[in-house]
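Derivation of every value follows stated rules applied to the coordinates shown; laboratory data play no part. Note that the structure is predicted; figures quoted are calculated from it, not measured. Ideal geometry is used to build each Cβ from the backbone, glycine not excepted, and the neighbour counts take in all protein chains shown.
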Amino acid sequence: MGKRIISQARGHGSKTYRVRRQAYRYRINYPKDMEGEGTVINLINSSAHTAPLAKVKYENGIFFMPATERMFEGQKIKLNADDKEITPGNISKIKNIPIKTKIYCIESRPGDGGIFIKTAGNFATVNKITDSGVFILMPSKKEKKFHEECRAVIGVIAGHGRLDKPFVKAGKKHHLKKSKNKLWPRTSAVKMNAIDHPFGSGRGKNPKSKIAKRNAPPGRKVGLVRPRRTGRRKR
């Protein structure tokens, strides 16, 4: 008798495949209406995030954001900095940020609290400012256009070099992945038995491409999910 494949078990939800809520108790974003100055009251090590988090207090409350390199407790940061206050840690609208400045935690739409670039050691660069919007060079080396009213944090996220140190032991990686509810170790589908996965047995190790339906349940949604194209690319 077969059993549920891993994607079905994860979709069903159980203690085995459920992240600790305590790990994600810190929500990273900044409020919509921010004026004046904020103070970094604490730097926090969160197991669910790759970068240390800064706990910032301002006149209307407290919020959390990824810490900037060399940020320290007690540091004052500008919450709506202009073009004369471009220093690491300050939050500013990207229309006020000079070209070639490194930024992170960029808003996708004005007021959403920061969506892009939030992992340790990461940053994007302001590439050009036009009438249609601000073009930012992302870490993937691709350019993306943003609304000029979107906000971002000046500087580079702390925690650079975290991938330089090897895990050494499988146990360490196990506990790291478990804290974030990541599936590890990842077994290739063609290495499984036919009863455990649609791609199982791997006869010839060359499974046919399978296009999953958009609303397919966990377990059926394997292979190509909403692909833009299929087949071999013609040259």
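Of all segments of the chain bounded by GluC sites (Glu not before Pro) found in a DSSP loop with no more than 14 other C-beta atoms within 10 Å, the longest spans 150-235. Loop-located trypsin sites (Lys or Arg not before Pro) in the range 72-101 (DSSP state other than H, G, I, E, B) with a sparse environment of at most 16 neighbouring Cβ atoms within 10 Å: LYS84, LYS100.
Adding -39500 (n - 2.57) for every DSSP H run of four residues or longer, then dividing by how many residues the chain holds, sets the calculated 222 nm ellipticity at -2000 deg cm²/dmol.
Averaging over all projection directions, the Cα-based convex hull of the chain occupies 17.9 nm² in the image plane. Each Lys and Arg contributes +1 and each Asp and Glu -1, all at the Cβ; summed about the Cα centre of the range 1-95, the dipole is approximately 980 debye. Here the chain is treated with +1 on each Lys and Arg Cβ and -1 on each Asp and Glu Cβ, and its dipole about the Cα centre works out to around 2540 debye. The convex hull around the C-alpha trace of the range 80-211, projected and averaged over every direction, spans 12.4 square nanometres.
Separation of the alpha carbons by more than 30 angstrom is noted, of LYS141/LYS177; LYS145/LYS178; LYS142/LYS172; LYS173/LYS221; LYS144/LYS165, for LYS145/LYS178; LYS142/LYS172; LYS144/LYS165.
Farthest toward the positive end of the dipole of the chain, out of GLY171, GLY159, ASN80, is the Cα of GLY171, where the dipole comes from beta carbon charges about the Cα centre. Looking at the square roots a ≥ b ≥ c of the eigenvalues of the Cα gyration tensor of the range 87-133, which shape do they give, rounded for a/c under 1.5, prolate if a/b is larger than b/c, or oblate? Oblate, because a/c is 1.5 or more while a/b does not exceed b/c. Placing unit charges on the Cβ atoms only, positive for Lys and Arg and negative for Asp and Glu, gives the range 137-191 a dipole magnitude near 540 debye about its Cα centre. The tail of the calculated P(r) for the range 21-154 beyond 23 Å holds 27 percent of all Cα-Cα pairs.
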